[in-house]
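Engineer: Can you keep this structure in mind? I'll have questions shortly.
Readers should treat all values here as calculations from the given coordinates under stated rules, not as data from a laboratory. Note that the structure is a prediction, hence the values are computed from the model and not measured. Every residue, glycine as well, gets a Cβ built from its backbone with ideal geometry; the counts of neighbours run over all protein chains shown.
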Amino acid sequence: LSYSPNEHFWLNTLVALKNTQTKAQLEKKFINIDLSKEDLEYIRVWLKRAYFANKEKEILPLIDFLPRQALTSKRIREIIGLLYYRAGNLNKAESFVSDLVTPNSEMLKGNLALIKNDLPAAFTHVYNAVITKENSKNAISLALPLSWLLGKWSEGNYVIDRALEVKSDPFKRLAMDTAFKIRLNSFDIAQKQLNILSEHYKGEMPLNIV
């Protein structure tokens, strides 16, 4: 395989991150190259690899070296926001994703709202993540309890429908759907589902089923 100079740069910095080089050593790599000429996709992949390699502490001090156009890319800003969140810099994380509406950014904003104990805002962001990415297991698992706590019965029922598309216990899902159906006054449907659950569990439904 042959690589362009740009590709060599990103491959080498990934290796450097894996080998945990010092900040000064990594900075030299950036200082010696004109990042304004780099392809944004390589920057995105480079940041994403750093995220999955848990190298946020090493990579974040180098963000200032990125070209301006990289910091206007929504896909790149999303990853930078996730890196700052993982590093515990919540204000920085929020500043990078505040105007983004991607599934990951909505989940991040939802988690930030939870830290502030702002449940309505957290639900809004997490629910948006479910709508944007209907098979997001993380979004579904967080949206369900929030919808119940906030009395968002219709929205919770929608989230349960989305749970059909991810691997989950069908009877636990049916129990949750039944609970929301009761709240929605859909008693006929709820009764039929309760009969199915009662038959499955031989009349002894586990207390932790929902």
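Engineer: So how far apart, in nm, are the two label points at Val45 and Asn185 if each is 7 Å from Cα heading toward Cβ?
Structural biologist: Modelled inter-label distance: 5.7 nm.
Engineer: Can I ask one more? Using only the Cα atoms of the stretch 41-107, build the gyration tensor, take square roots of its eigenvalues as a ≥ b ≥ c, and label the shape rounded, prolate or oblate: rounded if a/c is under 1.5, else prolate if a/b is larger than b/c, else oblate.
Structural biologist: rounded
Engineer: A follow-up question, please. Calculate, in nm to one decimal, what Leu71 and Leu150 gain on full extension: separation in residues at 0.36 nm each, minus their alpha carbon distance.
Structural biologist: My answer for the length gained is 24.8 nm.
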